[in-house]
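Trainee: Below is one structure. I have some questions about it.
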Amino acid sequence: MIQSRICSLLDIQYPIIQGGMAWVATAELAAAVSNAGGLGIIAAGNAPAAIIKNEIEKVKKLTTKPYGVNVMLLSPFVDEIMALIVEERVPVITTGAGNPGKYMPTLKAIGTKVIPVVPSVALAQRMERIGADAVIAEGTEAGGHIGELTTMVLVPQVADAVSIPVIAAGGIADGRGLLAGLALGAEGVQVGTRFICAEECIAHDRYKDAVLKAKDRDTVVTGRSTGHPVRIVKNKLSKEFEKLEKSGANPELLENLGAGRLRLSVVEGDVDQGSVMAGQIAGLVKEIKSCKEIVEEMVEEARKQYAAMASIMK
Ligand code: TUI
């Protein structure tokens with residue numbers, strides 16, 4: 001058993017939260033993670049509310065356990081997504097790519113638990129002050145849109161700076177990562193990349209294969225020059241991006257080049273021209289497994305690793 005404040009806050013068995021991955025984290029994946037004892041999350045990404053309403057209805061049919069919705073704050077539909085969350089009384093939300101402050105009073109009023117992703121100590125403290133229930137300290141090892149600091153340095157500094165529970169994210173895909181997150185002062189972990197390669201994940205097989213094939217140095221960060229750095233698996237698209245960024249292409253052109261590329265890889269399976277978002281820990285992901293196997297193996301491995309560490313630290 002692993003019992004932390006994250007388990008009681010979210011009413012879940014294991015303190016493992018699934019990352020909110022646009023296009024990848026549908027009701028199917030969310031329900032499977034929740035049924036495995038973690039917290040499954042539907043990613044709203046850039047989708048309009050009608051699509052996410054449908055996913056929420058689906059997840060409620062697939063699980064009786066708590067679930068969450070991830071709100072990507074740069075989405076053009078963010079206001080209608082937040083209204084939907086209120087209407088559906090979604091139990092938990094995580095947020096990414098910005099500051100959810102202006103929505104906080106409404107969400108608190110209806111009892112939705114709000115867990116923002118933070119890339120810095122300052123934002124973690126601001127989130128605690130305005131009533132966040134926990135924060136996700138996500139390191140630059142993560143896939144997708146990222147901050148600057150590594151998980152190793154961000155998590156303990158955030159844990160020291162706030163009293164609310166901290167969830168470690170970025171580079172966590174197995175039991176050692178879970179234990180390491182706890183050792184750094186977190187009370188739970190968020191796992192994204194590992195769940196791309198879950199049986200229940202609806203991502204295209206070629207997307208899953210690209211993650212399975214990726215080695216330790218196979219991800220790159222594109223978009224630093226636009227102010228929206230995004231970690232993806234190296235491919236034709238990342239090389240084109242790199243060339244354009246080096247030549248000083250204007251940010252608007254680069255943003256346009258990126259539009260629609262995530263859907264292209266996740267849904268169409270075009271892993272050459274599409275954006276294959278994944279974290280640096282992709283190199284550790286070698287097999288497709290069910291969410292139940294992934295979650296249970298993580299917990300079991302963390303327990304074994306804990307015992308192994310106890311035996312060398314007397
Ligand atoms: O949000 C993510 N990962 C994502 S979002 C996404 S969609 C997208 N595509 C292209 C460009 C931008 C977004 C793909 N992957 N992770 C959580 C996360 N949040 N990482 C970093 C942050 C973050 C960054 C700055 C959170 C807050 C923040 O605050 C700035 C402020 O307003 O103070």
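Quick note: the coordinates plus some simple rules give every number you see, no bench work behind them. Everything quoted here is computed from the prediction, not taken from an experiment. Heads up, the Cβs are rebuilt from the backbone with ideal geometry, glycines too, and the neighbour counts pull from every protein chain shown.
Trainee: Treating the Cα atoms of region 25-149 as identical point scatterers in vacuum, please give the log10 of the normalised Debye intensity I(q)/I(0) at q = 0.14 Å⁻¹, two decimals.
Mentor: Debye curve over Cα of region 25-149, log10 I(q)/I(0) at q = 0.14 Å⁻¹: -0.57.
Trainee: On to the next question. Scan around Thr95 for amide H atoms under 5 Å from its own, H built in the peptide plane at 1.01 Å from N, and keep only partners 5 or more places away or cross-chain.
Mentor: Residues meeting the amide H criterion: Val71, Ile115, Val117.
Trainee: OK, next. Sort the following peptides by mean Cβ neighbour count (other Cβ atoms within 10 Å, averaged over residues), highest first: 35-48, 290-303, 103-116.
Mentor: Top of the packing list down: 35-48, 290-303, 103-116.
Trainee: As an exercise, use a Förster radius of 35 Å and the Cβ-Cβ distance of Ser311 and Asp216 to find the FRET efficiency, rounded to the nearest 0.05.
Mentor: That pair, Ser311 with Asp216, gives E of 0.80.
Trainee: If you don't mind, another one. Name the shape class, rounded, prolate or oblate, that the alpha-carbon gyration tensor gives for the chain, where a ≥ b ≥ c are the square roots of its eigenvalues, rounded holds for a/c under 1.5, and otherwise prolate holds if a/b is larger than b/c and oblate otherwise.
Mentor: It comes out rounded by the Cα gyration axes.
Trainee: If a/c stays under 1.5 just call it rounded; otherwise compare a/b with b/c (prolate if a/b is bigger, oblate if not). Do that for region 120-219, with a ≥ b ≥ c from the square roots of the Cα gyration tensor eigenvalues.
Mentor: Prolate.
Trainee: If you find the alpha carbon centre of region 266-312 and of region 166-201, how far apart are they in angstrom?
Mentor: Centre-to-centre distance over Cα atoms comes out at 8 Å.
Trainee: Can you give the local net charge around Asn235? Use residues other than it whose beta-carbon is closer than 15 angstrom to its beta-carbon, Lys and Arg +1, Asp and Glu -1. Intermediate values should be presented prior to the final figure.
Mentor: Working: positive: Arg206, Lys208, Lys213, Lys215, Arg217, Arg231, Lys234, Lys236, Lys239, Lys243, Arg261; negative: Asp209, Asp218, Glu240, Glu242, Glu268, Asp270, Asp272.
Neighbourhood net charge equals +4.
Trainee: Summing Lys, Arg as +1 and Asp, Glu as -1, what charge do residues with Cβ under 12 Å from the Cβ of Tyr306 carry, Tyr306 excluded?
Mentor: It works out to a net charge of +1.
Trainee: Further question: Going highest first, how would you order 127-133, 1-7, 246-252 by mean Cβ packing within 10 Å?
Mentor: Highest-to-lowest ranking by the protection proxy: 127-133, 1-7, 246-252.
Trainee: Now, a different point. Give the calculated FRET efficiency between Ile110 and Arg206 to the nearest 0.05, with a Förster radius of 35 Å applied to their Cβ-Cβ distance.
Mentor: 0.30
Trainee: Net charge within 13 Å of Val153 by Cβ-Cβ distance, Lys/Arg positive one each and Asp/Glu negative one each, not counting Val153 itself?
Mentor: -4
Trainee: Which distance in nm do the two modelled labels at Glu293 and Val86 give, with both placed 7 Å along the Cα-to-Cβ direction?
Mentor: That separation, rounded to one decimal, is 4.4 nm.
Trainee: For Arg303 and Lys236 in one chain, what is 0.36 nm times their gap in residues minus the Cα-Cα distance, to one decimal in nm? Intermediate values should be presented prior to the final figure.
Mentor: Numbers: separation 67, 0.36 × 67 = 24.12 nm, distance 4.08 nm.
Roughly 20.0 nm would be gained on extension.
Trainee: Quick one: Debye curve from the C-alpha atoms of region 68-125, no solvent, what's log10 I(q)/I(0) at q = 0.13, 0.30 Å⁻¹?
Mentor: Each listed q corresponds, in turn, to -0.29, -1.42.
Trainee: For a test of the definition: using alpha carbon positions, the gyration tensor, and the 1.5 limit on a/c, classify region 158-289 as rounded, prolate or oblate. Show your work: numbers first, answer last.
Mentor: Working: a/c = 2.34, a/b = 1.38, b/c = 1.69.
Taking the square roots of the gyration eigenvalues as a ≥ b ≥ c, region 158-289 is oblate.
Trainee: Mind checking which aspartates and glutamates have their Cα closer than 13 Å to the Cα of Lys53? Skip sequence neighbours fewer than 8 apart in that chain.
Mentor: Leaving aside aspartates and glutamates fewer than 8 places away in the same chain, those within reach of Lys53 are Glu80, Glu87, Glu88.
Trainee: Which one, Ala168, Ala83, Ala97, has the greatest fluctuation when you compute a Gaussian network model over the chain with C-alpha springs under 10 angstrom?
Mentor: Top of the fluctuation ranking is Ala83.
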